[in-house]
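Scroll down for the structure; my scribbles are underneath it.
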Amino acid sequence: MDWTIVSFLAAPFAASLILTGIHAYLGVHVVERGVIFVDLSLAQIAVLGATLALMVEAGGHGEHSLLVYWMSLGFTFVGAAVFATVRTHRSRIPQEAIIGICYAVASAASILAMSKAPSESEHLKDMLVGNILAVSWEQVFKTAVLYAAVGAFHYIFRKQFLAISMDHEHAERTGLNVRWWDFLFYASFGFVVTSSVSIAGVLLVFCYLIVPSVAGMLFARRIGPRLAIGWAMATVVSGLGMYFSVIFDLPTGATIVCTFGLILVLLGLARVLLVRGQKQA
C-alpha cells in the first residue's frame, strides 16, 4: 500500500473510528426503541438550524462558525423535546409518525432557506453528503473529547437509558421519569448528530448509527456482543470505503455507505448459511 495514501487517510480514518464508537452504541438504543429514522430527522433539523444561521450571519466563516454550530444544536434540542414529549404508550400518534413529519418539514424548510442563500449552498451540500476526507486533526481531537463526554454521561446513567430503550412501559410503571430521561437521551444524541453531520454528512451518519447495530443483531442477542460486532464491522467498512474512494476516485461518503450495504448483505448471507448449518447438524 502507498504510504502517501495511508498518511492522507489517517485523520479521516481516526474520525470514522470516533463516529463508529459512539454511533454504534446509540444505534442499539435507536433500534430497540423502533425509531430508526430519528437520526435522519435530528440531522435534518440540525441542517435547518445551520441554514438559518448562514442566512443571518454577516461576513460568516462558513459551516464551522460558532453561530452555525449553536443554532444547529439549539434546533436539535427543540427536536429532542418534541420526540421526548410524544413518546408514551398512551399517545394516539406513533412517535415514528412525528419523526417523519419533522424530517419532511425540516427538509422543506431547509430548501426554502437555501433558495434565499445560494452563495452558501456548497456549505449546506457538505452537511448533507459530507466530506470526511477533509477532516483535520483538530476536528478529530475536538470531536473525540465531545463524544468521550457523551459516552461517559451514558455510561453513568446506563441503567436509566437502557430501561427506557428496552422496555419503555415497564420503566414507566416503576416510576422512572421517562420523559425527562428521554429528553436527556435525545439531547445528548443531538450533541453527537450536530458534530457528526458537519464531518460526515446526513447519509453516512445514518449508516454509522443503524447498520452496525443491525449487523450485531444478526449474530447476537446481548448488548455487549452486538456492540463488539457492530464496532468491528464499522471499522472494517470505514477503512475499505475510504481506500476504495481514493483508489477509484469516488465520493467518499457515498462509497462508505455502499460498502456498508454490501458488507451487511454478505453478513446476512453468512447468517443464513450459519443457521442452515446448525439445523443440518
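Over the chain, how many percent of alpha carbon pairs lie in each 10 Å bin up to the one with the longest distance?
Percent of pairs per bin, in order: 7, 28, 34, 23, 8, 1, 0.
What does the highest-first list of 19-30, 191-202, 261-272 look like by mean Cβ count within 10 Å?
So the peptides 19-30, 191-202, 261-272, ranked by packing, come out 191-202, 19-30, 261-272.
Given the options Ala14, Ala80, Ala108, which has the most mean-square fluctuation in a GNM of the chain, springs set between C-alpha atoms less than 10 angstrom apart?
Judging by the Gaussian network model, the answer is Ala108.
List every residue whose amide H lies under 5 Å from the amide H of Val35, counting only residues 5 or more places away in sequence or on a different chain, with H placed 1.01 Å from N in the peptide plane.
Counting only residues 5 or more places away or on other chains, the set is empty.
Can you tell me the dipole magnitude for the chain around its Cα centre, using point charges on the Cβ only (Lys, Arg +1; Asp, Glu -1), in Debye to the nearest 20?
1180
What is the calculated FRET efficiency for Thr85 to Ala220, with r their C-beta to C-beta distance and R₀ = 30 Å, to the nearest 0.05?
0.35
With a point put 7 Å past each Cα toward its Cβ, work out how far Phe248 is from Ala104 in nm, to one decimal.
So the two model labels end up 3.5 nm from each other.
With a length cut of 24 Å (Cα positions projected on each helix's long axis) and a Kyte-Doolittle mean of at least 1.6, go through the chain and give me the DSSP H helices that pass.
38-56, 66-86, 202-219
Along Cα→Cβ, 7 Å out, is where each label goes; now give me the distance between the ones at Ala152 and Thr174 in nm to one decimal.
Computed distance between label sites Ala152 and Thr174 equals 2.6 nm.
Give me the distance between the Cα centres of the range 1-50 and the range 164-237, rounded to whole Å.
What the calculation gives is 11 Å, centre to centre.
Bear in mind these aren't lab numbers, they're just calculated from the coordinates by the rules spelled out. Keep in mind it's a predicted model, so treat the numbers as computed, not measured. All Cβ positions, even for glycine, are placed from backbone atoms using ideal geometry, and neighbour counts span all protein chains on display.
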